[in-house]
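See structure below.
Since every read-out is calculated from the coordinates, none of them should be taken as a lab result. Small disclaimer: the values here were computed from a predicted structure and weren't measured. For neighbour counting, all protein chains shown are included, and Cβ atoms are generated from backbone atoms with ideal geometry for every residue, glycine included.
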Amino acid sequence: MVKEANGHFHYLPAPITDSLRPFPHWPCGGVISTAGDLLTYGKALLNSYHGRPGGFLKADTVKAMWNYQPPVDENGNAPQIAIDGRKVTGIKSRYVLGWERMDFPVEAKDSSLSKLEVVYHIGELGGTNALLMIFPEMNLVVSAIANIGGIGEHLPALGAQVYHILANPK
């Protein structure tokens, strides 16, 4: 608002702000991070979870955060995951204080995903998607960043497939 010489006020138009491209030289959404940054953060969370040096939270805090017990979603809202062309069924999924948690069922065959507990978080902004997936008991972190939008629903399957490949080297 500007006061004129005659004492009247008038409003100036606000500048146009594009939150998806805050500066001309930044990527979409202003995301200036790497998969390595996510791995560093995930490793610090794992160190916290296991009570090791390099963590930044108390072990009890992370365990409480990742083991929170809201109602379990067993109505088909768990991510669709297929490993080696076989759909994994019976996954229980729930939101646990900032994270999504998946508990894989006991498989009839000896499977690397049997009884596996996973926490993950997906971020999506404009044309950028990111995944941070943590396998606490396996001491493993998987991260991915993609510069394409609308793929967030596929990222949990990608993380589970990466784990399966690492757990089953050929």
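Tabulated results
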read-out: Cα-based shape type of the range 84-170, given that a ≥ b ≥ c are square roots of the gyration tensor eigenvalues and the cut on a/c is 1.5; value: prolate
read-out: Cα-projected label distance for Leu166 with Arg52, points at 7 Å along beta-carbon direction, nm; value: 1.2 nm
read-out: Pair Gln69, Ala82: separation of 7 Å Cα→Cβ label points (nm); value: 3.6 nm
read-out: Distant-in-sequence amide H partners of Ile83 (H built 1.01 Å from N, under 5 Å); value: Val88
read-out: Net charge, Glu137 excluded, C-beta distance under 11 Å - Lys, Arg +1, Asp, Glu -1; value: 0
read-out: Hits among lysines - C-alpha to C-alpha of Lys92 under 25 Å, sequence gap 8 or more where chains match; value: Lys43, Lys63, Lys109, Lys115
read-out: Neighbourhood charge, 11 Å Cβ-Cβ cut-off, centred on Tyr68 and excluding it, Lys, Arg +1 and Asp, Glu -1; value: +3
